[in-house]
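Reading through the structure tokens given below for one structure.
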Amino acid sequence: MTTGSRRDRFAQSAAPGAIIYTTPSGIPDTSATSTNVNGLAFILNVTPGNVVVDAQAGPNNLREHTLDVRADVVTETAVLP
């Protein structure tokens, strides 16, 4: 019997550091190669420690910043111009 939500099972099976983009409603979309209009993405199973987040919106570089990623917690950030 499988337990946990579809999202939890998806996260547990993702390769370390996998970048997962979503549909506009936030459902993981394994065929997507970039964010959609909502700009939502997940980076899963990241090794704990400092992680640099860097992104682009079209030709524009967005603000790069460093996150302190910890084990067994969800770390969330926004990337803005």
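Coordinate-derived values only; no laboratory data. Since this is a predicted model, take the numbers as computed values, not measurements. So basically every Cβ, Gly included, is an ideal-geometry build from the backbone, and we count neighbours across all protein chains shown.
Brief remarks follow.
- Burial ordering of 62, 80, fewest other beta-carbon atoms within 10 Å first: 80, 62
- Annotation: the residues 72, 54, 29, sorted from fewest to most other C-beta atoms within 10 Å of their own C-beta, follow the order 72, 54, 29.
- Cα gyration tensor shape of the range 29-81, rounded if a/c is under 1.5, else prolate or oblate by comparing a/b with b/c: oblate
- Counting beta carbons within 10 Å around each of 76, 64 and listing the fewest first gives the order 76, 64.
- Projected label points at residue 38 and residue 79, each 7 Å from Cα along the beta carbon direction, are separated by 1.7 nanometres.
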